[in-house]
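Handing you this structure, nothing more for now.
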Amino acid sequence: MATASARHILVDTEELCQDLKNQIDAGADFAELARQHSSCPSGQKGGDI
């Protein structure tokens with residue numbers, strides 16, 4: 001049986017979204033960015049939902 005997982009970073013502006021996407025594309029740690037920037041409680045878990 002296959003398992004699935006999802007994670008996200010919830011932000012308030014498209015500008016911040018694009019900035020974070022660029023950082024992730026350049027190799028930044030997704031979980032760390034989620035902890036620093038996500039306005040969703042899942043951010044404290046690295047974005048795991």
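Each reported figure results from applying straightforward, stated rules to the coordinates on display, with no laboratory input. These numbers come from a predicted model, not from an experiment. Glycine gets a Cβ as well: all are built from the backbone with ideal geometry, and neighbour counts include every protein chain shown.
Quick one: plug the Kirkwood hydrodynamic radius of the chain (C-alpha pairs) into Stokes-Einstein at 4 °C, 1.567 mPa s, and report D in µm²/s. Don't jump to the answer; show the numbers that get you there.
Working: Rh = 11.0 Å.
The diffusion coefficient I find is 118 µm²/s.
Relative to the longest principal axis of the chain, what angle (0 to 90°, nearest 10) does the C-alpha long axis of helix 14-25 take?
Approximately 60 degrees, to the nearest 10.
With 10 angstrom as the radius, rank Ile24, Ile49, Ile9 by how many other C-beta atoms surround their C-beta, starting from the fewest. Walk me through the numbers on the way to the answer.
Working: Ile24 14, Ile49 11, Ile9 23.
Result, fewest neighbours first: Ile49, Ile24, Ile9.
Then there's this: Sum -39500 (n - 2.57) across every DSSP H segment of at least 4 residues in the chain, then divide by the residue count to get the 222 nm mean residue ellipticity, nearest 500.
Working: 2 runs with 20 residues, N = 49.
Helix-only estimate at 222 nm: -12000 deg cm²/dmol.
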